[in-house]
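> Starting off with a structure, shown below.
Rule-based calculations on the coordinates, nothing more; no lab input. Note that the coordinates shown come from a computational prediction; the quantities given were computed from them, not determined experimentally. Note that we place each Cβ from the backbone using ideal geometry, even for glycine, and neighbour counts take in every protein chain shown.
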Amino acid sequence: MAQQEFDARVAWALDDMANRIEGKTREGKDAFESAFERLEQTVRNFCSERPERVVTEKLQTFLALSGSSNSLITSLEKEILC
């Protein structure tokens, strides 16, 4: 569920950036950062409940990639707003 919310927020953020580049106004306020925080917390909780090394390593890699996406989108949003 947290992954779906994060994916939806990523899609919204990218669509919003495209709209702003085209000169359209922003529609509402996004909760992109909080979606990543919920995803991060969900993964950490899951890892703490299941100490299997392979699963934990894969989820940590997934979380790192999601964090990179989060950072990239946040940087792009700041550039577009300037």
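> Would you indicate which of (i) 6.3; (ii) 5.4; (iii) 7.5 is the value of mean projected area of the Cα convex hull in nm² derived from the coordinates of this structure?
(ii)
> From Cα pairs below 8 angstrom and at least 6 apart in sequence, can you work out the relative contact order of the chain, rounded to a whole percent?
35
> Also, I was wondering about something else. Whats the longest run of the chain with zero GluC sites (Glu not before Pro) that are DSSP loop and have at most 12 other Cβ atoms within 10 Å?
Longest run free of exposed loop sites: 53-82.
> In the chain, what trypsin sites (Lys or Arg not before Pro) fall in a loop by DSSP, with at most 10 other Cβ atoms inside 10 Å?
Lys24, Lys29
> Scan the chain and note any complete DSSP helix (H) whose C-alpha atoms cover at least 30 Å along its axis and whose Kyte-Doolittle average is -0.5 or more.
Result, helices passing both filters: 53-81.
> Let me ask another. Where does the charge balance sit around Phe36 when Lys and Arg score +1, Asp and Glu -1, over other residues with C-beta under 10 Å from its C-beta?
-2
> Quick check for me: using +1 on Lys/Arg Cβ and -1 on Asp/Glu Cβ, what's the dipole size of the chain about its Cα centre, in debye to the nearest 20?
Around 120 debye, computed over the chain.
> Now for a separate question. Measure off 7 Å from each Cα along the Cα-to-Cβ vector at Glu33 and Ile21, then give the distance between these two points in nanometres to one decimal.
Placing both labels 7 Å beyond Cα along the Cβ direction yields 2.4 nm.
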